[in-house]
Amino acid sequence: MNLSPLQKDRYNYKPHLPEILKSDVSKISIEQGEATESISDRTELKKMFPNTYGMPIAKLVETVNRDAGNKINVGVVLSGGQAPGGHNVIAGLFDGIKAGNPESKLYGFLGGPSGLVEDSKIEITAGYLDGYRNTGGFDIIGSGRTKLESEEQFNRGIEVCKKNDITAIVIIGGDDSNTNAAMLAEYFAGKDAGIQVIGCPKTIDGDLKNEHIEASFGFDTATKTYSELIGNIERDANSAKKYWHFIKLMGRSASHIGLECALQTQPNYAIISEEVETHKTSLTEIVNEIADLVVKRADNDENFGVVLVPEGLIEFIPEMGALISELNDLLADKADYYNTLNTFEDQSAWINKNLSKDSSYAFSSLPNNIQRQLLMDRDPHGNVQVSRIETEILLIEMVEAKLSELKSEGKYKGAFSHQHHFFGYEGRCAFPSNFDSDYCYALGYTAFTLIANGLTGYMSSVRNLSKPASEWIAGGIPVTMMMNLEIRHGKSKPVIKKALVELDGAPFKAFAAKRNEWAVKTSFRFPGAIQYYGPDEVCNAPTITLELEHQK
Ligand code: FBP
């Protein structure tokens with residue numbers, strides 16, 4: 001294989017570990033606290049999860065565990081979008097399993113959750129894994145977005161595990177995948193199937209976090225990668241002084257990525273979807289505010305700038321959010337008829353007829369290309385695929401129109417040349433930062449210790465993350481504890497509560513305190529590329545978001 005020097009070198013990186021994980025696995029046990037409750041809807045959730053509701057938080061402690069050496073077979077699944085560090089979760093899990101008993105086996109189900117129901121798998125061996133340690137991507141076994149939620153799938157899961165003598169499954173995924181992991185754990189426990197299920201918190205979006213799960217893995221590397229690119233663009237903008245750059249950043253719902261990148265790079269303008277929703281800001285108001293900023297900077301002879309746009313923005317703009325949810329329901333309920341309409345003209349005419357008056361108005365006010373994007377295929381959860389909606393271009397077109405209006409009124413004299421970018425896939429498979437390499441390995445190793453201690457329905461948890469790895473605290477959090485009921489497509493469903501940007505949280509407050517200063521006066525900050533070697537503040541610093549959250 002033609003390996004890059006960095007790839008070869010990263011194979012040799014030894015992840016830094018929390019103190020407890022340096023002990024022999026036969027000496028790692030768990031200490032359990034009080035019974036727990038879900039964040040809300042307790043009576044209903046208790047009924048839905050009779051076997052796994054209310055379990056205590058588990059903390060790893062150094063005490064003899066006689067079961068750690070049992071020979072076991074474990075299956076692992078990667079679920080959803082790629083996030084840097086997934087390979088290291090598997091490496092940590094593998095090393096834990098083999099440290100328990102070298103005869104134990106780890107199977108990787110191929111292509112995501114569907115691999116489990118289809119019994120499509122490989123055995124992960126030491127030699128095979130060595131080609132993936134400390135590297136980005138999910139290509140070790142592949143990922144997928146199939147939802148595991150039907151009884152038929154759960155029963156298939158039992159059959160496949162029995163056939164392969166697998167007694168534990170680790171599901172590495174986001175909030176939806178971990179919700180499904182909890183349902184699987186409950187179903188297996190109810191059937192006395194003898195199969196444990198443990199989840200691991202993954203998503204670059206950073207929206208799977210709470211009091212007990214401080215960060216989802218991949219957020220650190222992805223935001224560092226995007227921040228490097230944004231910083232480079234800022235420097236280019238400041239050198240050429242001729243372009244406004246509109247940069248859309250991934251993050252399906254929450255704006256954590258946009259917020260972290262704004263704190264890292266100090267752009268002229270950054271939209272935070274949660275603020276737009278809270279203040280019920282309309283699309284026109286957002287456009288007017290950006291146009292106003294372009295005018296002010298032009299008055300200073302600065303006809304350039306950088307605007308960050310969160311991927312999920314469109315759903316948070318009140319009139320657009322209402323439109324999208326009507327479209328989602330319409331396309332799900334009347335899919336058969338809708339699929340008979342062959343031309344965009346027929347589709348949009350039918351859509352307009354079936355939408356409410358307000359949504360039909362919002363739909364008609366959008367350019368044709370955005371209308372088409374809003375009608376594209378939904379994801380397996382029935383959601384519009386926001387990464388395919390070109391919000392950054394929509395904003396550019398609308399700002400341009402506003403500026404020509406202002407020009408004709410004699411209120412704007414500048415030039416508005418623009419470039420647009422979308423940073424998403426560029427960051428999902430980067431070589432994991434040292435932070436993500438360490439964190440992911442620790443999550444995987446912890447997942448094994450939870451299995452070795454007989455737990456099911458837990459998420460692997462590693463906390464105290466703003467401190468050096470040796471001070472991290474490892475354990476398990478019962479998944480039901482993070483759940484509430486939410487209406488999804490008209491039905492009340494148990495789900496892990498998604499963490500959105502909190503407007504009274506430290507990261508947003510830090511951004512809000514500075515953004516006016518960064519807007520008109522050029523104040524760009526250049527984070528540069530992720531560093532793997534060098535002083536701690538250069539190669540081991542966590543995200544600004546994490547640091548600020550821990551200062552509270
Ligand atoms: P997960 O929630 O599965 O981690 O995926 C997040 C994400 O990267 C979003 O930021 C983005 O909207 C989406 O995946 C893109 O999905 P796809 O990979 O299917 O294009």
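Here, each number is a calculation from the coordinates, and none is a lab measurement. Here the structure is a predicted model, which means the values were calculated and not measured. Here the Cβ positions follow ideal geometry from the backbone for every residue, glycine too, while neighbour counts run over all protein chains shown.
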Peptides ranked, highest mean first, by Cβ atoms within 10 Å: ranges 183-194, 524-535: 183-194, 524-535
Distance histogram for region 476-552 (every C-alpha pair counted, 5 angstrom bins, percent rounded to whole numbers): 3, 11, 12, 13, 16, 15, 11, 9, 7, 3, 0
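Place the peptides 470-479, 128-137, 147-156, 72-81 in order of packing, highest mean first, counting for every residue the other Cβ atoms within 10 Å and averaging per peptide.
The peptides rank, most packed first, as 72-81, 470-479, 128-137, 147-156.
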Gain on full stretching of the segment that runs from residue 340 to residue 506 - 0.36 nm per residue minus C-alpha separation: 54.7 nm
Three principal axis lengths of region 75-173 [C-alpha, angstrom, descending]: 36, 31, 16
Compactness index (Cα Rg / 2.2 N^0.38 Å), region 430-521: 1.50
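Hey, any idea what the orientation-averaged projected area of the convex hull of region 304-346's Cα atoms comes to, in nm²?
Working: hull surface 20.1 nm².
The orientation-averaged projected area of the Cα hull of region 304-346 comes to 5.0 nm².
For region 1-160, compute the orientation-averaged projected area of the C-alpha convex hull (one quarter of its surface), in nm². Kindly include the intermediate steps, with their values, before the conclusion.
Working: hull surface 47.7 nm².
Averaging across all directions leaves 11.9 nm² for the Cα convex hull.
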Cubic angstrom per residue, convex hull over Cα atoms of region 458-497: 74
Virtual paramagnetic centre 7 Å along Cα→Cβ of residue 191, amide N under 16 Å, in region 452-488: 457
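Between residue 419 and residue 41, what is 0.36 nm times their sequence separation minus the Cα-Cα distance? Round to one decimal in nm. Don't skip to the answer; put the middle values down first.
Values: separation 378, 0.36 × 378 = 136.08 nm, distance 4.69 nm.
Gain on stretching residue 419 to residue 41: 131.4 nm.
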Zone of residue 467's modelled label, taken as backbone nitrogen in region 14-30 under 16 Å from a point 7 Å along Cα→Cβ: 17-22
Relative contact order (%) - the chain, alpha-carbon pairs under 8 angstrom, separation at least six: 24
Computed P(r) (all Cα pairs; region 237-295; 10 Å bins; percent): 18, 49, 29, 3
Segments 260-268, 165-173, 36-44 sorted - mean Cβ within 10 Å per residue, highest first: 260-268, 165-173, 36-44
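At 0.36 nm per residue, minus the direct Cα-Cα distance, what do residue 122 and residue 300 gain on full extension? Give it in nm, one decimal, please.
On the way: separation 178, 0.36 × 178 = 64.08 nm, distance 6.15 nm.
Value of the extension gain: 57.9 nm.
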Span from the region 1-68 Cα centroid across to the region 88-124 one, whole angstrom: 16
Computed FRET value (nearest 0.05) for residue 369 with residue 241, which takes r as the C-beta separation and R₀ as 22 Å: 0.15
Mean residue ellipticity (222 nm) of the chain, computed from DSSP H runs ≥ 4 via -39,500 (n - 2.57), nearest 500: -13000 deg cm²/dmol
Cα-only radius of gyration and Dmax that characterise region 354-434, units Å: 17.7, 54
Amide proton proximity set for residue 121, modelled H, under 5 Å, gap of 5+: 110
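Which number do you get for Rg(Cα) / (2.2 N^0.38 Å) in the chain? Display every interim value, and only then the final one.
Numbers: Rg = 24.4 Å, N = 552, 2.2 N^0.38 = 24.2 Å.
Ratio of Rg to 2.2 N^0.38 Å for the chain: 1.01.
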Rg/Rh (Cα only; Kirkwood hydrodynamic radius) as it applies to region 190-342: 1.10
Spread of Cα-to-Cα distances over 5 Å intervals beginning at zero, given as percent, for region 294-412: 2, 9, 18, 21, 16, 11, 8, 6, 5, 2, 1, 0
FRET E, pair residue 388, residue 529, Förster distance 25 Å, beta-carbon r, rounded to 0.05: 0.35
Rg ratio (alpha-carbon, reference 2.2 N^0.38 Å) - region 201-272: 1.20
Unsatisfied cross-links (Cα-Cα over 19 Å) in the set 22/121; 334/498; 14/202; 27/59; 71/163: 22/121; 334/498; 14/202
